[in-house]
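Undergrad: Mind looking over this structure? Questions follow.
No lab work stands behind these numbers, since they all come straight from the coordinates. It should be emphasised that the depicted structure is a prediction, and the values quoted were computed from it without experimental measurement. Cβ coordinates were reconstructed from backbone atoms using ideal geometry, including for glycine residues, and neighbour counts include every protein chain displayed.
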Amino acid sequence: MLPSEDDMQSLLDFLSEEPPYAAIGRIVHAAADLESGVFSLCTQYGLAHDKAWRKSIEERVKWLKVNSPVPHETLDRIVDAVENRNLLAHGTWIRVRDQRGFIKHVKDDPEHLHGTVVTEELLEGWRAELQDLADAMTSHYLMARDKGAGPPA
């Protein structure tokens, strides 16, 4: 029995689907805002520009926990949020059994992959989390700058 015309069209639509580029772009942009805010806070509180530049996001967050008044509950959310961005920016778009997702190699274990199935709602949640954190970093930076806060004495 041959597939129906609707079944064939459904298969062709599925096979030709592209990644959700607009959603990925919004996530990457929000992550850039966040990383810029984290960097600005590090330098505001006394980490030299060249040293801040060489640190990973994990190292910058750890540094801010010790050297800034930014709440640890806020800082603790940053690494996971940026990791979601990294999955999209460095991962591969896949389609499996009517689901779509991203996978990428584990940095320190290239033989292993990790990933997740994505939906529009999930992607919007990631963007919102990144933007919320970016706004928090900008707010903390502006308050510190306006108060003349610098490295702890």
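Undergrad: Quick one: net charge around ILE27, please, counting Lys, Arg +1 and Asp, Glu -1 for every other residue with C-beta under 10 Å from its C-beta.
TA: My count for the surroundings of ILE27 gives +1.
Undergrad: Right, next: Please give the length that would be gained between ALA32 and VAL79 if that part of the chain were fully extended, namely 0.36 nm times their separation in residues minus their C-alpha to C-alpha distance (nm, one decimal).
TA: Here the segment from ALA32 to VAL79 would lengthen by 15.6 nm.
Undergrad: To continue, here is another question. Between HIS49 and ASP98, how high is the FRET efficiency from 1/(1 + (r/R0)^6) when r is the Cβ-Cβ distance and R₀ = 35 Å? Nearest 0.05.
TA: Working: r = 48 Å, r/R0 = 1.39.
After rounding, the FRET efficiency stands at 0.10.
Undergrad: While we're here: Compute the distance in nm between two label points, each set 7 Å from the Cα along the Cα-to-Cβ direction, one at ALA89 and one at LEU122.
TA: 2.0
Undergrad: I've got another one for you. Just want to confirm a number: the relative contact order over the chain, from Cα pairs under 8 angstrom separated by 6+ residues, in percent.
TA: Working: 148 pairs, mean separation 49.1, N = 153.
Averaging sequence separation for qualifying contacts and normalising by length gives 32 percent for the chain.
Undergrad: Can you give the calculated 222 nm mean residue ellipticity of the chain, where each DSSP H run of n ≥ 4 adds -39,500 (n - 2.57) and the sum is split over every residue, rounded to the nearest 500 deg cm²/dmol?
TA: The helix contribution divided over the chain gives -20500 deg cm²/dmol.
Undergrad: Between (1) 41, 16, 11; (2) 22, 20, 14; (3) 35, 15, 12, which entry matches semi-axes √(5λ) of the Cα gyration tensor in Å as derived from the coordinates of this structure?
TA: (1)
Undergrad: Need the C-alpha centroid separation for region 34-78 versus region 85-145, integer Å.
TA: So the two Cα centres are separated by 20 Å.
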